[in-house]
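*Asks:* Sharing a structure, written as structure tokens. Questions coming.
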Amino acid sequence: MDMELNADQISARQAFRQFVEQHVIPTAAKCDALRETPPELIESLAREGYLGALVPKEYGGEGMDGLKWGLLCEAMGYGSASLLSLLTVHSMVIQAVLKWGTQAQREKWLPPLASGKIIAGFALTENKTGSDAKNTKTSARQQDDGTWLLQGNKKWMSFGQVASLFLILAQIDGKATAFLVERGSRGFSTEPITGMMGFRSAMLAQLHMDDCLVPAENILGRPGFGFSHVIGTALDQGRYSIAWGCAGLARACVDACLDYTDQREQFGVPIREHQLIQEMIADMITQSRAAQMLCFRAASLKEQGDPSLIMETSMAKYFASRAAVKIASDAVQIHGANGCSNQFPVERHFRDAKIMEIIEGSNQMQQIIIARYGYQRHQIKKKGGGNP
Amino acid sequence: MNPEEITLKIKNFAGQYVNTDNIEADTDLFASGMVNSLFAMQLVLFVEKEFGIKVENEDLDIDNFKSLDAIHLFIQRKLPVAS
């Protein structure tokens, strides 16, 4: 596993960070306060090719590899977790269409997704169904002309207020099935969600489908494979993006604290001179670096298309989101009362970090599957299967 | 690649997620609850990486993935196309 970036990757990372410095950081606090992301900011992401980063060039995208995508998410997480969530959900739908779409679906949807003409939303969670997603209640029934009618509600969709194409999981006679649903579909509506602790400018929405009319050709994948394969592909992409975003959020908190402790004086010296501050700084830096390393590990496996990618990405997401919460919490502590004020970005990072532990599979779900994986690998080792 | 090599690779892969000593080659891995929801995509990645096969929309049929035998037959069917 090579964790050193080559010249091209360093250049890309520099460009991502420069974009975030110029376009994201100056507006992040205002977006958070107003609970919205202005269209021109989303358009700027599109202009840079970030919305189509993962779309192959043949469909009008950038054809970016997994590591560069991770570096982009890391840079975005540094500036705004809300904006990171736009990249995340948009890329989740792109990956699902790219992997499981028919040729006709790829040709129809990928070019407008790449250009940003269409913003995508991901709709899995419901009011009463979260981690147990196989038991989704939204249903679909086919009409005589082949079209589908979707009935149900979805909740907590990042950028659900602005997305115009949704990947929605529904049941067809107990078979989990993924559908692509356009905003303008008959019987489809969205409702803004307010009062969020974090991700305040992610423009969350509920989706309502009341006999929502969906064309026959908008099934993505096959009936019965909606959760295991289509949503599975999307969630893996989501966890990967969030893991990198958490590494970025953590780095933002570290940088903020390095600046703050240098300037803030107590007892006649900058607080960086106090050993209990140094203890927290040391832990923040180390945790941040460890999160990055797990992300690099996942990136390496992603490039190889290795099956262990899924578990290693789960571990990266689990660790990086926990680290982000701890680091953001310590950053607030170091900032004292200032850290509790929205005049300092660590206050927003702290609220956003908590969301990271919940989205794209709660950390408790990650713990369960990581532990099971560990026991299974241990059994192999005991049977003489080497030292996995 | 001969059938024995394919069988060995499948068993080695599946053995990372289920105890292959206790299952028959035709045991339905999904219906028996032996594997979790992540296994489906791990299997896709395994087949694609190990055999150079692209698993696509039209391959989404439970008969292609439900047992060790089914996976074997699916790979054998796809291999000539891949080569």
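*Asks:* I'd like to verify a number: residues in region A:84-103 that are farther than 16 Å from A:PHE227 by Cα and within 10 Å of another protein chain (Cβ to nearest Cβ), how many?
*Replies:* 2
*Asks:* Here's something else I'd like to know. Out of all the residues in region B:60-73, is one or more over 22 Å from B:GLN16 (Cα atoms) and within 14 Å of chain A (Cβ to nearest Cβ)? Give the derivation first.
*Replies:* Applying the first criterion (over 22 Å from B:GLN16 (Cα atoms)) to region B:60-73 yields B:60-61.
Still in the running and within 14 Å of chain A (Cβ to nearest Cβ): B:60-61.
The answer is yes, given that some residue of region B:60-73 is over 22 Å from B:GLN16 (Cα atoms) and within 14 Å of chain A (Cβ to nearest Cβ).
*Asks:* Can you confirm whether A:GLU265 is surrounded by fewer than 16 Cβ atoms within 10 Å (Cβ to Cβ), away from chain B (no Cβ under 14 Å) and at negative phi? Talk me through it step by step, then tell me what you get.
*Replies:* On the way: surrounded by fewer than 16 Cβ atoms within 10 Å (Cβ to Cβ): yes; away from chain B (no Cβ under 14 Å): yes; at negative phi: yes.
Judged against the criteria, A:GLU265 is a match.
*Asks:* Something else: Considering only residues that are hydroxyl-bearing (Ser, Thr, Tyr) and over 20 Å from A:CYS340 (Cβ atoms), which ones fall in region A:253-304?
*Replies:* Step one: list which residues in region A:253-304 are hydroxyl-bearing (Ser, Thr, Tyr), which gives A:260-261, A:286, A:288, A:300.
Within region A:253-304, A:THR286, A:SER288, A:SER300 meet the criteria.
*Asks:* For B:GLY33, all conditions in the list (1) more than 10 Å from chain A (Cβ to nearest Cβ); (2) within 11 Å of the chain's Cα centre (by Cα) hold save one; what is the number of the exception?
*Replies:* Of (1) more than 10 Å from chain A (Cβ to nearest Cβ); (2) within 11 Å of the chain's Cα centre (by Cα), only one is false for B:GLY33: (2).
*Asks:* Is it the case, given these coordinates, that A:THR27 is under 30 Å from A:GLY195 (Cβ atoms) and part of a loop (DSSP other than H, G, I, E, B)?
*Replies:* No.
*Asks:* Moving on. Please determine whether any residue of region A:349-360 is of a type outside the set (Gly, Ala, Ser), buried (at least 18 other Cβ atoms within 10 Å of the Cβ), within 14 Å of chain B (Cβ to nearest Cβ) and in contact (Cβ under 8 Å) with a residue 12 or more places away in the chain.
*Replies:* yes
*Asks:* Hey, another quick one. For region B:1-48, give me each residue that is of a type outside the set (S, T, N, Q) and closer than 12 Å to B:ILE75 by Cα.
*Replies:* Across region B:1-48, the qualifying residues are B:MET1, B:PRO3, B:GLU5, B:ILE6, B:LYS9, B:ILE10, B:LEU43, B:VAL44, B:PHE46, B:VAL47, B:GLU48.
*Asks:* State yes or no: is A:LEU45 part of a helix (DSSP H, G or I) and either in contact with a helix residue (DSSP H, G or I) (Cβ under 9 Å, 6 or more places away or on another chain) or of a type in the set (Gly, Ala, Ser) (or both)? Give the steps one after another, and end with the answer.
*Replies:* Numbers: part of a helix (DSSP H, G or I): yes; either in contact with a helix residue (DSSP H, G or I) (Cβ under 9 Å, 6 or more places away or on another chain) or of a type in the set (Gly, Ala, Ser) (or both): yes.
The answer is yes for A:LEU45.
*Asks:* Could you tell me how many of the residues in region A:146-160 are surrounded by fewer than 20 Cβ atoms within 10 Å (Cβ to Cβ) and in contact (Cβ under 8 Å) with a residue 60 or more places away in the chain?
*Replies:* Looking only at that region, the number is 4.
*Asks:* For chain B, which fully contained helices (runs of 4 or more DSSP H) count at least 1 residues that are of a type in the set (S, T, N, Q) and buried (at least 19 other Cβ atoms within 10 Å of the Cβ)? Please lay out each step first, then the result.
*Replies:* On the way: elements: B:3-14, B:39-51, B:68-82.
Filter on chain B gives B:39-51.
*Asks:* Residue check: is A:LYS108 out of contact with any helix residue (DSSP H, G or I) (no Cβ under 6 Å at 6 or more places or on another chain), charged (D, E, K, R) and assigned by TED's automatic domain parsing to the domain that holds A:LEU34?
*Replies:* Details: out of contact with any helix residue (DSSP H, G or I) (no Cβ under 6 Å at 6 or more places or on another chain): yes; charged (D, E, K, R): yes; assigned by TED's automatic domain parsing to the domain that holds A:LEU34: yes.
The answer is yes for A:LYS108.
*Asks:* Considering each of A:GLY79, A:GLY101 in turn, give the residue that is in contact with a Gly (Cβ under 9 Å, 6 or more places away or on another chain), under 26 Å from A:ASP173 (Cα atoms) and buried (at least 18 other Cβ atoms within 10 Å of the Cβ). Full working, then the answer.
*Replies:* Values: A:GLY79 fails: under 26 Å from A:ASP173 (Cα atoms).
Sole residue among the options that is in contact with a Gly (Cβ under 9 Å, 6 or more places away or on another chain), under 26 Å from A:ASP173 (Cα atoms) and buried (at least 18 other Cβ atoms within 10 Å of the Cβ): A:GLY101.
*Asks:* Write out, first by first residue and then by second, each pair whose Cβ atoms fall under 8 Å of each other, whose residues are 6+ apart or on separate chains, and whose first residue, in region A:288-303, is over 12 Å from A:ALA247 (Cβ atoms) and touching a residue at least 24 places away in the same chain (Cβ under 8 Å) while the second is surrounded by 21 or more Cβ atoms within 10 Å (Cβ to Cβ) and among the polar types (S, T, N, Q).
*Replies:* A:LYS302/A:THR313
The values are calculated or read from the model by the stated rules, or taken from the named source; none is laboratory data. As the structure is a computational prediction, the values presented were derived from the model and not from experiment. In this analysis, Cβ positions are derived from the backbone assuming ideal geometry, glycine residues included, and neighbour counts consider all displayed protein chains.
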